[in-house]
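Read-outs: derived from the displayed coordinates by stated rules, not from any lab. If you're wondering where the values come from, they're calculated on a predicted model, not measured in any experiment. All Cβ positions, even for glycine, are placed from backbone atoms using ideal geometry, and neighbour counts span all protein chains on display.
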Amino acid sequence: MTATKETDLFGEYKKLAQEVSNSTVIENREKYFSNFYLSDVIEDDEKSTFVLKIPGQIAEFISHFQAMRGQGIACLTVNGLDIEGYPASVNVEYAYESGVWLVNYMHLSLLESQSEFKNEAICPRELE
């Protein structure tokens, strides 16, 4: 399966952000996060709670971009304003597992200004 223009990764991201705002993301994490992300990226409870809630950091969406990065991997960049009104971007890598697109990696960037927003999908690993 590949992400196409018909694949709405931003729609999936918004569902995840809603889970964060409803405080149900921890209980429903298997619905949104890949096995890799849950087992290898998240190491302890305090860090995992923050990391799973990254999508909730963008309070106002301004733009988003998605692109394929290989077989079963797609990336999404979401630009917007954080919960305090400052510019921020979330970069998400999705992996296609068991018939659904799941978050495989995420990166939150707190920015100085909206001029730093990317105008293309950037995978989080490309930022490290």
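Could I have the simple spin-label model distance between residue 116 and residue 30, label points 7 Å from Cα toward Cβ, reported in nm to one decimal?
3.8
How compact is the chain by the rule of thumb for globular proteins, expressed as Cα Rg over 2.2 N^0.38 Å?
Rg over 2.2 N^0.38 Å, computed on Cα atoms: 0.98.
Compute the distance in nm between two label points, each set 7 Å from the Cα along the Cα-to-Cβ direction, one at residue 59 and one at residue 126.
The two pseudo-label positions are separated by 2.9 nm.
For region 15-37 and region 65-128, what is the separation of their C-alpha centers, rounded to whole Å?
Taking the Cα centre of region 65-128 as reference, the centre of region 15-37 is 16 Å away.
Do you know the relative contact order of region 9-127, to the nearest whole percent, from alpha carbon pairs under 8 angstrom that are 6+ apart?
Dividing the mean separation by the residue count of region 9-127 yields 24 percent.
For q values of 0.26, 0.29, 0.30 Å⁻¹, compute log₁₀ I(q)/I(0) with the Debye formula on a Cα-only model of region 85-128, without solvent.
Log10 of I(q)/I(0), two decimals: -0.93, -1.04, -1.07.
Using unit Cβ charges (K, R positive; D, E negative) and no other charged atoms, how large, in debye to the nearest 20, is the dipole of the chain about its Cα centre?
380
Give me 69, 125 sorted ascending by neighbouring Cβ count inside 10 Å, so fewest comes first.
Placing the least packed residue first, the sequence is 125, 69.
If each residue's Cβ is checked for other Cβ atoms within 10 Å, how do 123, 75 rank with the fewest at the top?
Fewest-to-most Cβ neighbours within 10 Å comes out as 123, 75.
If each residue of separation counts as 0.36 nm, what is the full-extension length gain between residue 86 and residue 68 once their alpha-carbon separation is subtracted?
Value of the extension gain: 3.6 nm.
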